[in-house]
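Down below is the structure, laid out as structure tokens.
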Amino acid sequence: MTRNMMLADDRFLLGTFSSNCSSGMSVTKVEERWVNSWENNLKLGHLLDDAGIDFMLPIARWIGYGGETDFHGGVLETVTWAAGLLASTKNISVFATIHTAANHPVVVAKQIATIDHISNGRAGLNIVAGWNKPEYEALGLNLPDDHETRYGYAQEWFDVVRKLWASKDYFDWDGKYFQLKGVHGDPLPIRGDVPIINAAGSPQGREFATDNANFLFTPAIDLARSTEEIKELKDQAKAKDRKVDVLTFSHVICRPTEEEALNYLEHTAKTNADWEAVDNLVRLQFAHAQSFPHDLLALIRDRFAMGHGGFPLIGTPDQVAEGILSLHRAGFAGTTLSFVDYVKEFPYFRDNVLPKLDAAGIR
Ligand SMILES: Cc1cc2nc3c(=O)[nH]c(=O)nc-3n(C[C@H](O)[C@H](O)[C@H](O)COP(=O)(O)O)c2cc1C
């Protein structure tokens, strides 16, 4: 069995986010915006694996956000993407991202167990209970307006998955949402389960996350707020005898000088932002999800243009390393990273920032 990097508690976890989606995390029109081809994802997977990066996390998306670039209009499906990457890498953990309403739990339990076997124990599961109403309508699915129903469904969905992973015995299930006859899981995941991520923002979602997930993902908009939020989440989990770590997502523009980094930020995320797509994205987020603080709209609009709402790691290698250390000090257990062009820009980060994190003792 290989070590699942997500289970290491001796380091600040680093991953990438959204390399399976067109434009990655940057809602920009610049020509060099991320091309989410399989070839580029495979190149990135090898670069990250060789550099000791811990995980890759994909976004599951079924329709784009419009604008000139149709941001996230092109998306590699996440289970098959993870299978290909896990088969081609040695150490890195790779997650699949699953919408509970669009994927039958018996099918998902087996898909995740299968990719866990392909990788000798390096698979992970990111559970999405739903928020993007037009996407649900596109699939002919109903997104309940109330969070109780959304997360009630997700809970029963995950209870089925967990029971399938608990033993190879056949069982019937007579629940509110699922009626199953004589089902069982075989194979089971290598360790019996896999690391679970959930990115809920609402109180109901946070109950779900602290009941079920190993990692809760939350935006880092204001680190003073984050410090309090992380403490609350960990206390909430502890009261249930569970340990939940909190992760966030960041966008990197790392250059030899601060001026070069800021100029590139201006170029990609202001002058050439796909503002129509940004506004569609922010409007949908605010209408149907509670992940981002609604009182900080102007700031959030800029951050969506830059990196889909991620924490800015913009500047010299020293400044970027300091930004990551500030996330660590706030109590986050790790962050994902995104770049305008992941394959082109990651090596500079690897050579100039990773050694500083090692020296600071967080990796
Ligand atoms: C890091 C991260 C990853 C997410 N991945 C996806 C995804 O791939 N697909 C998706 O539809 N929603 C995704 N979401 C949205 C969340 O799963 C969740 O539905 C949303 O934050 C709304 O939560 P709430 O309903 O509890 O407010 C993600 C959110 C974050 C912060």
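The values are calculated or read from the model by the stated rules, or taken from the named source; none is laboratory data. Values in this document were obtained by computation on a predicted structure and should not be read as measured data. Every residue, glycine as well, gets a Cβ built from its backbone with ideal geometry; the counts of neighbours run over all protein chains shown. Keep in mind that these areas ignore ligands, DNA and RNA; they rest on the heavy atoms of the full protein, side chains included. Shrake-Rupley method; radii C 1.70, N 1.55, O 1.52, S 1.80 Å.
Annotations
- The conditions of being open to solvent by 20 Å² or more (accessible area, probe 1.4 Å) and either without any contact (Cβ under 8 Å) to a residue 60 or more places away in the chain or within 22 Å of Asp70 (Cα to Cα) (or both) are not met by Ala321.
- Some residue of the range 284-296 being open to solvent by 20 Å² or more (accessible area, probe 1.4 Å), away from the ligand (no atom under 16 Å from the Cβ) and of a type in the set (Phe, Trp, Tyr): no
- Listed by first and then second residue, the pairs linking a residue in the range 269-281 that is open to solvent by 10 Å² or more (accessible area, probe 1.4 Å) to a residue that is of a type in the set (S, T, N, Q), with Cβ atoms under 6 Å apart and 6 or more places separating them unless they lie on different chains, are Asn272/Thr28.
- Any chance Pro355 is open to solvent by 20 Å² or more (accessible area, probe 1.4 Å), over 20 Å from Phe17 (Cα atoms) and within 16 Å of the ligand (Cβ to nearest atom): no
- When residues of the range 67-95 are limited to those that are at positive phi and away from the ligand (no atom under 16 Å from the Cβ), the one least open to solvent (accessible area, probe 1.4 Å): Gly67
- Near pairs, Cβ below 7 angstrom, 6+ apart or cross-chain, from the range 329-351 (in a helix (DSSP H, G or I)) to any residue that is surrounded by fewer than 21 Cβ atoms within 10 Å (Cβ to Cβ) and among the hydroxyl-bearing types (Ser, Thr, Tyr): Ala330/Thr227
- Selection of the range 231-246 for residues being farther than 16 Å from Leu325 by Cα and either buried (at least 19 other Cβ atoms within 10 Å of the Cβ) or out of contact with any helix residue (DSSP H, G or I) (no Cβ under 7 Å at 6 or more places or on another chain) (or both) yields Lys231, Glu232, Leu233, Lys234, Asp235, Ala237, Lys238, Ala239, Asp241, Val244, Asp245.
- Boolean, Ala261 is crowded, with 17+ Cβ neighbours inside 10 Å, within 15 Å of Gly24 (Cα to Cα) and more than 20 Å from the chain's Cα centre (by Cα): no
- Taking the range 202-247 as the range and being within 16 Å of Asp159 (Cβ to Cβ), touching a residue at least 60 places away in the same chain (Cβ under 8 Å) and assigned to a helix (DSSP H, G or I) as the test, the residues that pass are Phe208, Asn212.
- Residues of the range 104-156 satisfying the condition of being open to solvent by 10 Å² or more (accessible area, probe 1.4 Å), among the hydroxyl-bearing types (Ser, Thr, Tyr) and within 30 Å of Ile53 (Cα to Cα): Thr114
- Test: Ile98 is within 15 Å of the ligand (Cβ to nearest atom), part of a loop (DSSP other than H, G, I, E, B), within 19 Å of Thr336 (Cα to Cα) and open to solvent by less than 20 Å² (accessible area, probe 1.4 Å): no
- Subset of the range 56-66 (residues that are of a type in the set (Phe, Trp, Tyr) and within 10 Å of the ligand (Cβ to nearest atom)): Trp62
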